[in-house]
């Protein structure tokens, strides 16, 4: 499994899709990320990441319903594919393994 | 709109995104940013939402949103195969840079020059056609005179227009236009101009022609006799940015005119062009009030002074209108039996003579043909080079065929290849045209512009380019796609006999055209030389002249003053400009004149020293002496004596107008018009009160101080008027400006045609030398001398050029003979002209070919044989 093809922002977006599933689309993801990180996140950036992830096969998408505030336009809803789920798991286990190997004193020193 | 609904986001980011974002993403993208905007507004309020909106929008400006999804369906204009063709073509172009360069240069120059000429042709053909009613407008002309004096006048009498409108039902409207020589000096505040291009006109000018009044009332452009209509440019000259309407121009310090309208500048392709228009009723008032004879506007059928245009009903019979007008004319002036009317369509005025025979149209046709010839030569170059080199590509073609290409696909491939080269050449040609246009305008005297918005320009260019493309692509494509793959791969194909023969025919055509053009250049040049150096019958060197105006009353003093100036060799005066006499009259009587005969003469009043001043020869009799009795004496030119059939003219009676007198002398014929015309009858008479044109002869080296002195004396009597003089030599040259221009252009085009031909020959020669490299090597080893090898290579080409000469000579002779018919005085076509042209063609061909031949002949055979 090549790890290098999942960027940091992409990883967060992929996670957000998993969290918000089955109602994940760029606006709610952007809002969610803004809330979690406290930084401005544009839908354009999220949308671009979503597209890349779909291209890589981690996500699949379909068109959802339209709402009045969207001017009657449909939204594109994303769900995580099995491959996407495995990649997330991989990433997580790598991180977990690394975290577990950090000596507690080191963590104390940061805080 | 629903008041509960939140305000929509700003509109124009939407537009930007709609334009930029790929169609398949538009829906979700726009939906997303609108929803985000709505959310932000709820949370942060409208102002903040708007502020952040831009960042949202900008986030979408990345390639992945902009890039269009490839279409699922094949695009017929850009399939993979065509892409492959273009790639192959491009590789071929860059691989054979030498041949590509030759092809490109030939095509570029050919297209550029061909298009330039066609633009000129188109502009000539467009003359007077822009009027919506152009097809129903005719110029009224009349035949006058009998026998050798019979001629067409393009000016008519004034009343015929009124009668035509009233009594001929086919005539819808009539317009008279007459030159204004009586009101010349226009002034507004401190702006003072002498106007030379002003006309009296009927108000019907505006409804009949499409000259657009920008200001003023088209139905009544001249409210009264003191109103004028100016063109836009003229108005700007006087009033700058002020509104010209209602402004007053004072004229000749006597009268004043009020500007009643502004007309858009007359188009450059209009035969009717003026700076200022005055009401023709003013001219009539000046002419017919307080006259001592009984002439009125309604009965003056003897003053031929008006350009008359008739607007006929569609489908009216021209000859019947002319007949009716003649009947009307004769009912008012029964003795004009020699007169008959004719009508010339307005669009023909510029290119045809008054009698409907070919005028300028011949030059237009000639140049049209030259343009086609140049384009043909350029096409031939391409065809020749690409077919000659076709064999080199036989392997490629065969491979394609074996892999499964149909012949039609290969045909397409070579078509695309030619099209690629052509589009490059077209681009370069357009650039070249753009660069050359100012120079070309200067030479051709046109004001062509490369206006890319002009649809006519595109028509001409589109047709030309498509035509040449078709002409030069089809044959090579057919030939190249015809190879039989198995034979070609075994190296068995030798060019078929017919192909070689075809190529030879093309080379012969090219060189025949070149020889025709060279011979044409020689003959035109010689004819121009001839008319400029022909003995005119008078000596015009170093003479300048001008019309004296108020100075005329003080002529004797002025003359005495001028003669005292160093550098003045002589001074005389006459009533007209000797280089180009204008006035004609048929009001002549002599013993032996037949019933109903009319002889038109050019009457010129001259001073007693006029004949010696111009070194004219008196064949018989004597000159005027200045005595009072001279006013009943005449000097005729030989043409007049001959036309009137007077034996021993001196002492015979002659009557001009109401001057009854005797002939005292006969002057040798002299040219007072262009050499296109025969010398016509002219009569000198003596009338000191009519001599308003003064001629001053300088010794030649001190013209400047003489001119300065003359101007001082002019200012003394004509304070307000600018001093305008002309040298007779210059004026004489102007007579032949059109011919001169034709000559220069012809030279230029001929050189270019020859250049392009040589380029093609050069390419072919190079190719032949290349193909025969090894043959030459073997020959050299076996003992052939360099001269023999050059001969071997050049022989074929030279033979073709000689065949071309044989074909070209009769064609050249015939066309130039036709052209010379335009001149009453012309050179004989001598055989050596063709000899020289042929020799030149051979020489040029030899030079072109021998460069390559010598190179090939000098090559070391060891090297050339080692090439494999």
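Checking each residue of segment A:79-89 against the condition of being farther than 20 Å from residue B:60 by Cα, surrounded by fewer than 16 Cβ atoms within 10 Å (Cβ to Cβ) and modelled with pLDDT under 90 gives no match. Go through the residues of segment B:53-69 one by one and say whether even a single one is within 54 Å of the chain's Cα centre (by Cα), within 30 Å of residue B:473 (Cα to Cα) and more than 14 Å from chain A (Cβ to nearest Cβ). Taking every residue of segment B:53-69 in turn, none turns out to be within 54 Å of the chain's Cα centre (by Cα), within 30 Å of residue B:473 (Cα to Cα) and more than 14 Å from chain A (Cβ to nearest Cβ).
Among the residues of segment B:772-788, are any more than 18 Å from residue B:860 (Cβ to Cβ) and part of a helix (DSSP H, G or I)? No.
Among the residues of segment B:749-782, those that are within 45 Å of the chain's Cα centre (by Cα) and farther than 14 Å from residue B:849 by Cβ comprise B:749, B:750, B:751, B:752, B:753, B:754, B:755, B:756. Here the helices (runs of 4 or more DSSP H) wholly within segment B:46-142 that include at least 2 residues being within 30 Å of residue B:306 (Cβ to Cβ) are B:97-125. Among the residues of segment B:721-744, the one identified as at pLDDT 85 or above and under 30 Å from residue B:106 (Cβ atoms) is B:744. The number of residues in segment B:233-242 being surrounded by fewer than 16 Cβ atoms within 10 Å (Cβ to Cβ) and at pLDDT 90 or above comes to 2. Across segment B:2-22, the number of residues qualifying as more than 11 Å from chain A (Cβ to nearest Cβ) and in a helix (DSSP H, G or I) comes to 7. The listed residues are B:25, B:30, B:44, and the only one of them that is touching a residue at least 24 places away in the same chain (Cβ under 8 Å) and within 12 Å of another protein chain (Cβ to nearest Cβ) turns out to be B:25.
Filtering segment B:215-232 to residues that are part of a strand (DSSP E or B) and modelled with pLDDT under 90 leaves only B:215.
Scanning segment B:772-817 for residues that are closer than 30 Å to residue B:671 by Cβ and touching a helix residue (DSSP H, G or I) at 6+ places or on another chain (Cβ under 8 Å) yields B:812, B:813, B:815, B:816.
Would you check if residue B:439 is part of a helix (DSSP H, G or I), at pLDDT 85 or above, out of contact with any strand residue (DSSP E or B) (no Cβ under 9 Å at 6 or more places or on another chain) and more than 17 Å from residue B:107 (Cβ to Cβ)?
Yes.
Residues that are within 14 Å of another protein chain (Cβ to nearest Cβ) and touching a strand residue (DSSP E or B) at 6+ places or on another chain (Cβ under 8 Å) number at least 1 in the following helices (runs of 4 or more DSSP H) confined to segment A:1-105: A:26-37, A:43-56.
The values are calculated or read from the model by the stated rules, or taken from the named source; none is laboratory data. No experiment lies behind these values; they were computed from the predicted model shown. Quick reminder, even Gly has a Cβ in these numbers, built from the backbone with ideal geometry, and neighbours come from all protein chains shown.
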